[in-house]
Amino acid sequence: VDAGAAVGNFVKKIQSYPQTQHSKIISLECSHKNLNKLKNLNLNNNIIVECALVGINKEVFFSEFVGDTKPDGNHKYYQWGNILGNHKKNLKNKKVKINEYKVKTITLEGLMNKYGLERIDYLKMDVEGAEYEIIENLDITIATKIHQISLETHNTNKNNNLIKCLEN
């Protein structure tokens, strides 16, 4: 499961390994701009889920940042998009357009139920700060079905609590 799949770089890399040729890969992304790029990759065994991974189902809005186009074709700051409203203050005075729109959400339990997953071999999360809420609300029954987690942290003040939640 790739939560925060962005433009598909991780999925492309993971699919290059022979042992994943028959694996089901689920990519979660809620940025409209990123989704278009992800869908255009036409990757094998990849299910694209247009929603944000959250700890608790609720209404959320995605803030998408559109700066100048970079040489790789992506817009500057696109990777900072998030459902928490982070970075809006930092980017307000720069040449950045901020698009905000409502997005669908799903929890890990909901994802496993919807796609009939008995386990998740590898969960990669780069969801711009929402990782904390996801881990804090992770039920032990679901947690034991996840074999490995890799995540990016975004707030060092919350990391000690995150570690405790993971240990528990």
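The values are calculated or read from the model by the stated rules, or taken from the named source; none is laboratory data. These figures come from a predicted structure and were not determined experimentally. Reconstructed Cβ throughout: ideal geometry from the backbone, glycine too, with neighbour counts over all protein chains shown. Ligands, DNA and RNA are stripped out before the accessible areas are found, and what is left, the full protein with its side chains, is counted by its heavy atoms. Shrake-Rupley method; radii C 1.70, N 1.55, O 1.52, S 1.80 Å.
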_Being touching a residue at least 12 places away in the same chain (Cβ under 8 Å), within 18 Å of the chain's Cα centre (by Cα) and open to solvent by 60 Å² or more (accessible area, probe 1.4 Å) is the filter here; which residues of segment 87-115 pass it?_
GLU100, LYS102, LYS104, GLU109
*What are the residue pairs meeting all of these: first residue in segment 151-167, first residue farther than 21 Å from ASP2 by Cα, second residue assigned to a helix (DSSP H, G or I) and open to solvent by less than 90 Å² (accessible area, probe 1.4 Å), Cβ atoms under 7 Å, and 6 or more apart or on different chains?*
LYS158/TYR132
*Among residues of segment 63-105, those that are under 19 Å from MET125 (Cα atoms) and touching a His at 6+ places or on another chain (Cβ under 8 Å), counted*: 5
*asked:* touching a residue at least 12 places away in the same chain (Cβ under 8 Å), surrounded by fewer than 15 Cβ atoms within 10 Å (Cβ to Cβ) and either assigned to a loop (DSSP other than H, G, I, E, B) or within 15 Å of the chain's Cα centre (by Cα) (or both): which single residue out of GLU133, GLU118 fits that description?
replied: GLU118
*asked:* at negative phi, of a type in the set (Lys, Arg), surrounded by fewer than 17 Cβ atoms within 10 Å (Cβ to Cβ) and touching a strand residue (DSSP E or B) at 6+ places or on another chain (Cβ under 9 Å): which single residue out of LYS39, LYS12, LYS33, LYS70 fits that description?
replied: LYS39
